[in-house]
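Inspection log for the structure reproduced underneath, given as structure tokens.
Values quoted throughout were computed directly from the atomic coordinates according to the rules given, and no laboratory measurement underlies them. Quantities reported herein were computed from a predicted structural model and do not represent experimental measurements. In this analysis, Cβ positions are derived from the backbone assuming ideal geometry, glycine residues included, and neighbour counts consider all displayed protein chains.
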Amino acid sequence: MITRRSEYGGLRGKLFEIDWLLPTLIFMTGLLGVAMIYASTKGVWDAGAQQHLTRLIMGLSLMILIAVIDFRFWFGMAYPAYLASLLLLIGVEVFGVSVNGSQRWLDIYVTRIQPSEIMKLAVVLALARFYHDLPDWRISKPTGVLGALIIIALPALLVLRQPDLGTTLLIIAPGLMIIFLAGVRWRIIGSGLIAAAIAVPLFYKFGLKDYQRERIWTFLDPSRDPSGASYHITQSKIALGSGGVNGKGFMKGTQANLDYVPENRTDFIFTVIGEQFGLLGGIGMMALYMGIAAICMIIAARMKNVFSKLMIAGITATFMLYVYINLAMVTGLAPVVGVPLPLISYGGTVMLVVLAGFGLILSAHVHRNSDLPRGAGLLL
Amino acid sequence: MSDREKLNKEFSRRALVLGGGGMTLFGIIGARLHNLQVVHGQDYRTLSENNQFNFQIIVPDRGRIIDRNGFALATNRMDYRLMIVPERIENIDLTLRHLSTFLDIGERQSQRIQRDIKRNRGFVPVLIEDHLTWEQFAALNLNLPDLPGVIPQSGQTRQYPPDGEFSHILGYVGKPGPKALEEDDNPLLRQPTFQIGKTGVEAVVDKRLRGERGRLKVEVNALGRIVREFPNESDAARPGEDVYLTIDSKLQTQTAKAFGEESGGAVVMDVQTGELRVLLSMPTFDANLFVSGLTQADMDRMNADEKRPQFNKVIGGGYPPASTFKMVVAMAGLENGLINPNESVFCKGKVQLGPRTFHCWKRRGHGRMDMRNAVKHSCDSYFYTMAERIGIDRIKQMGLRMGLGQTFDIGIEGQSPGLLPDDEWKRNHLNDAWRTGDSFNASIGQGFVLATPLQLAVMAARLANGKYAVTPHLIVGGGVPDFDLLKVNPEHLGHMQSAMYAVCEEPGGTAYRPNSMGFEGVKMAGKTGTGQVKGISAAERAVRVRRNEELPWKFRDHSIFVGYAPFDNPRFAASCIVEHGGSGARKAADMVRGMLRSALASDGYETRANLTEDM
């Protein structure tokens, strides 16, 4: 195989190969987050904005670092990362630290880590690897479908037990999309949807905690609890709605300045955008996310191997699901599940995981011409 | 096309499907935003402004209560207090526990707080505690960031003179009770710190003192904390009116001091206008305690006191008027032509009525007594004799004309009408006919007759005035009322006044004191009384009448005196009852003399006396 020096020749060559449009859009989105956190804390620079900027820069550095590391390394890491994350999740189950009634954290002396966040990436890697190694004729056979479902189900059940509905959703949904994109027959997908239609009510009955059910009910009928859970969503809608088309102006959101919307530095930060910049600001922000997703999917389409395609699509799907779930929640279209707006909401773990994911996408792109062997997976 | 290529094509196709799905989701969210921000934008803007702005009720300053010389008796002072807005607090118990590290919240208090929270809607602030010290207030202000929904506030509260000599007149303020809240829908009453008059003048003229509420537009954050204020001149609160009393606070205070530890009541009244310059009931209480919330210990102490500090004796206490009632009997006799002032009765120390013996206070007897001397020496035998002749009905009639047996329109509550008994009363209440013996007892102001210190002062004022049936008043306003004519024969009145003069100014009079007024040319007139509390049994009398000082306080006689001055141009009438004051009427007589002297001094009499001396 002929290789050009500029493609693989050293670090400079690799940096040259990065599709810089993607980091630029990511950086812009992150900066929007810095500005909105600054506004939500009423202009106190070190009450979140500064930390967010630091994390953004550190995360972008990590992203570039991941991008320049040979993609075959990441390819090889797919199953080990998955198994390690699974072990960490079991560790949480056994040794975990409880915060606000949910056992999500693992204390490793230096810092607390949230294995469920790492699992979001690991599950995508494992599934991509699974279909990469699978002979094409077996994709729609029981091995192809059930194998993938098991890879999804193991972490999903562990995360649900913590309990963390949002993350469970963010593990299952991208996983199912990978199955879909891998080429499983429509017939099987159709029967799967029917099965889900039966399973969801059962899940509601037996799989959810009381407070999670309560959230769904409050969402469906806000008058149930005017000062409790739906206070959140009511104030959130007031903030968005009062922004109108053009918004009240930067730092001029009264709902934000007077603390009417709780958590508006984290999960409800979109209310700050909507109140200050109105409908136009909201659409602008969605355009940024769409741009990021579009670039990722164009990269995916250009990939020559199954692993890269599915991994990129899976990571993109995870990223966009964050956005959809968060926006649906904040605009009152979905129950409050506690999913942040990636790159914009204050919070370190999500930022790190999302940027690491983009690092993987960039790495796949940089090393798009290297060969990935098939059928050398752990399981087959 | 290889399988792999086919699959790649399939991937792209399916990715497009997902991408389309993603766009659709953005479309739905965009439509939702359009719905919220454009279609309902105005509604949400209104809601956002409702969040942002609030109107606060401004409690007006309560009007002051001021004495005749301009001394403010009931005033307002700064008070620091703490409130919570229940709907802004997630866990009220936790917040209360947190607050109790700064202040002492008792069991009863936390029950009251819980009740207030339940009774009001969530946004109505509930009072946690008022009358905080500045240190507590400052400490709380520092800790505010940890205490959402907690609002420290400074405002006005009522303050009264600490010694309490005006407590019975002024009354006190307090939080409106359920009844007041039901009757009055004024939003001011729902303000946690607002107080209404509960008793006394505070209650009578409450509406005048209240003032009118103002309002203030404020910007409020989600924790209920005010971020910005938008004051507007036309929305300011209008303070309540000041209310003036006829009371002379200096004289009232002086009188209270003279009472010392004694119990009873004293009145000084303007003979011409009926203005009350002193209206004192002793002992008294500190009304400030009622404003800040009475502790059980305070309450127990007050209830246990046998001198009953809370009881307004000067208008509500019915006492046997004793010998001060003799003027009523004498006037009844004169006016009905049944007494000739020159006619004498021989007092041999007792009068026999059938089997019963009625004793004169002087066991050896006074000898020959005409009307003037009978009053001067307070001879009981003379009045026993006259009472039999006049009869209780005529005595009662005269009593009513002199102001006994009735209440007056002085505003404050708690007046007792006293009692002027007659045959009908006795039949109704004791199921027995009126007997001559009852008239004997009544003639010396004992038995069933009861009068309040206020009524006795009115009696003295009417005897001094002579022309008008003066009535007392307390609250300034409405000018001098038109009094009814007294309609007594001036000649008879002259006899009466002369006899009362003899009591005070002639040697041998029961209250004689040389140069009693202390001013050149100013004389006084009056009458003593010794109200018997415990009947003297025949057995006791046989041994010897026990001296008063030997009796327990509760059984000692009441010391009573009524009088007026100056004799020739009456200005003030006064009365005083010292409960169980013992030793005859001296105590009360000294009190009245002192009050009259001070009242005249403050009216400029001293100056006039000095001038006389200089010339």
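Tell me, A:ILE216, A:ILE64 in order of fewest to most beta-carbon neighbours within 10 Å?
Going from least to most buried by this count: A:ILE216, A:ILE64.
Just to confirm my numbers, what's the Cα centroid distance between region B:398-464 and region B:247-269 in Å?
Value for the Cα centre distance between the two parts: 24 Å.
How would A:HIS52, B:HIS168, B:HIS377 line up from fewest to most surrounding beta-carbon atoms within 10 angstrom? Working shown, then result.
Working: A:HIS52 25, B:HIS168 28, B:HIS377 21.
Arranged by neighbour count, lowest to highest, A:HIS52, B:HIS168, B:HIS377 become B:HIS377, A:HIS52, B:HIS168.
Along the three principal axes, how long is the protein assembly as shown when you take its alpha carbons, biggest first, rounded to the nearest angstrom?
In descending order, the Cα extents are 156, 61, 48 Å.
In peptide B:5-15, what is the residue-averaged number of other protein chain Cβ atoms found within 10 Å of each Cβ?
On the way: counts 0, 2, 7, 7, 1, 3, 11, 5, 2, 9, 12.
The per-residue average across the peptide is 5.
Cβ neighbours within 10 Å, averaged per peptide: list B:431-442, B:498-509, A:164-175 in order, most packed at the top. Present the calculation step by step, with values, prior to reporting the outcome.
On the way: B:431-442: 17.2, B:498-509: 20.1, A:164-175: 22.1.
Going by the mean number of other Cβ atoms within 10 Å, highest first, we get A:164-175, B:498-509, B:431-442.
Longer than 30 Å from Cα to Cα, which of B:LYS175/B:LYS217; B:LYS307/B:LYS527; B:LYS250/B:LYS313; B:LYS257/B:LYS467; B:LYS257/B:LYS350; B:LYS326/B:LYS587 are they? Say none if no pair is.
B:LYS257/B:LYS467; B:LYS257/B:LYS350
Quick one: net charge around B:GLY317, please, counting Lys, Arg +1 and Asp, Glu -1 for every other residue with C-beta under 12 Å from its C-beta.
Values: positive: B:LYS307, B:ARG308, B:LYS313; negative: B:GLU579.
Local net charge: +2.
Once you keep just the Cα pairs under 8 angstrom separated by 6 or more residues, what percentage relative contact order results for region A:18-366? Don't skip to the end; give the middle numbers.
Values: 500 pairs, mean separation 97.4, N = 349.
Rounded, it is 28 percent for region A:18-366.
Can you pull the one-decimal nm distance between simple spin-label points at B:VAL38 and B:ASN143, each 7 Å off the Cα toward Cβ?
A separation of 5.2 nm, rounded to one decimal place.
Please report the net charge: other residues with Cβ closer than 10 Å to the Cβ of B:LYS326, K and R +1, D and E -1.
Values: positive: B:LYS527; negative: B:ASP380.
After counting each charged neighbour, the total is 0.
Determine the principal axes of the Cα atoms in region A:18-366, then give the extent along each, sorted from largest to smallest and rounded to whole angstroms.
Largest first, region A:18-366 extends 59, 47, 44 Å along its Cα principal axes.
Under DSSP H, which helices of chain B have Cα atoms covering 27 Å or more of the helix axis and a Kyte-Doolittle average no less than -0.5? Working shown, then result.
Details: long enough: B:3-34 (45 Å, -0.11).
Answer set is B:3-34.
For every helix of n ≥ 4 consecutive DSSP H residues, a contribution of -39,500 (n - 2.57) applies; sum these over the protein assembly as shown, divide by its total residues, and give [θ] at 222 nm rounded to the nearest 500 deg cm²/dmol. Walk me through the numbers before you get to the answer.
On the way: 39 runs with 502 residues, N = 995.
Calculated from helices alone, the mean residue ellipticity at 222 nm is -16000 deg cm²/dmol.
Could you work out how far apart the two model spin labels at B:ARG115 and A:MET58 are, taking each label as a point 7 Å from the Cα in the direction of the beta carbon, and quote it in nm?
Simple spin-label model gives 5.6 nm for this pair.
By how many nm would the segment from B:PHE483 to B:GLN406 lengthen if fully extended, with 0.36 nm per residue of separation less the alpha-carbon distance?
Numbers: separation 77, 0.36 × 77 = 27.72 nm, distance 1.56 nm.
Length gained between B:PHE483 and B:GLN406: 26.2 nm.
Per residue of A:324-332, what is the mean number of Cβ atoms on other protein chains within 10 angstrom of that residue's Cβ? All intermediate terms of the calculation are to be shown ahead of the outcome.
Working: counts 6, 1, 1, 7, 4, 0, 3, 9, 2.
Taking all residues of A:324-332 together, the mean is 4.
Under a point spin-label approximation (7 Å from Cα along Cα-to-Cβ), what is the B:THR46-B:ASP184 distance to one decimal in nm?
Rounded to a tenth, the inter-label distance reads 3.4 nm.
Computed over the Cα atoms, what is the radius of gyration of region B:56-244 divided by 2.2 N^0.38 Å, N being its residue count? If you can, show how the numbers build up before the last one.
Numbers: Rg = 17.4 Å, N = 189, 2.2 N^0.38 = 16.1 Å.
In units of the globular-protein estimate, region B:56-244 measures up at 1.08.
Normalise the Debye intensity by I(0) for region B:38-80, one equal point scatterer per Cα, no solvent, then take log10 at q = 0.13, 0.14, 0.31 Å⁻¹ and round to two decimals.
Log-scaled intensity ratios, in q order: -0.55, -0.58, -1.04.
Per residue of B:22-30, count partner chain C-beta atoms within 10 Å of its C-beta, then hand back the mean as an integer.
Values: counts 11, 3, 0, 9, 10, 1, 5, 12, 6.
The mean count of partner-chain Cβ atoms within 10 Å per residue comes to 6.
Taking only the alpha carbons of chain B, what extent do you get along each of the three principal axes, in Å, biggest first?
Sorted largest first, the three principal extents are 155, 61, 42 Å.
Diagonalise the Cα gyration tensor of region B:13-130 and give the resulting equivalent ellipsoid semi-axes, square root of 5 times each eigenvalue, largest first, whole Å. Each step should come with its number before you reach the end.
Working: eigenvalues 587, 106, 20 Å².
Ellipsoid half-lengths, sorted descending, are 54, 23, 10 Å.
If you add up the charges near B:GLY214, with Lys and Arg at +1 and Asp and Glu at -1, over every other residue whose beta carbon is less than 15 angstrom from its beta carbon, what do you get? Mind dumping the intermediate values first?
Numbers: positive: B:ARG62, B:ARG210, B:ARG213, B:ARG215, B:LYS217, B:ARG238; negative: B:ASP61, B:GLU212, B:GLU229, B:GLU233, B:ASP235.
The answer is +1.
For a quick check: with amide H placed at 1.01 Å from N, whose amide H comes under 5 Å from B:LEU245's, ignoring anything fewer than 5 positions away on the same chain?
B:ILE66, B:ASP67, B:ARG68, B:VAL476
Going by average Cβ density within 10 Å per residue, which order do the peptides B:40-49, B:380-389, A:287-296 take, highest to lowest? Provide the component values of the computation, followed by the final result.
Details: B:40-49: 17.2, B:380-389: 23.6, A:287-296: 19.3.
Taking the mean over residues of other Cβ atoms within 10 Å, the ranking is B:380-389, A:287-296, B:40-49.
Which FRET efficiency value, to the nearest 0.05, do you get for B:ARG97 and A:LEU202 by plugging their Cβ-Cβ distance into 1/(1 + (r/R0)^6) with R0 = 35 Å? Display every interim value, and only then the final one.
Numbers: r = 43 Å, r/R0 = 1.24.
Taking R0 as 35 Å, the efficiency between B:ARG97 and A:LEU202 is 0.20.
For region B:173-248, run through the GluC sites (Glu not before Pro) and keep only the ones in DSSP coil with at most 16 other Cβ atoms within 10 Å of their Cβ.
Numbers: sites: B:GLU182, B:GLU183, B:GLU202, B:GLU212, B:GLU219, B:GLU229, B:GLU233, B:GLU241; in loops: B:GLU241.
The qualifying sites are B:GLU241.
Would you mind checking which residues have amide H under 5 Å from B:LEU353's amide H? H placed 1.01 Å from N; only 5 or more apart, or other chain.
So B:LEU353 has HN proximity to B:PHE358.
How far is helix A:210-220 tilted off the main Cα axis of chain A, in degrees rounded to 10, range 0 to 90?
70
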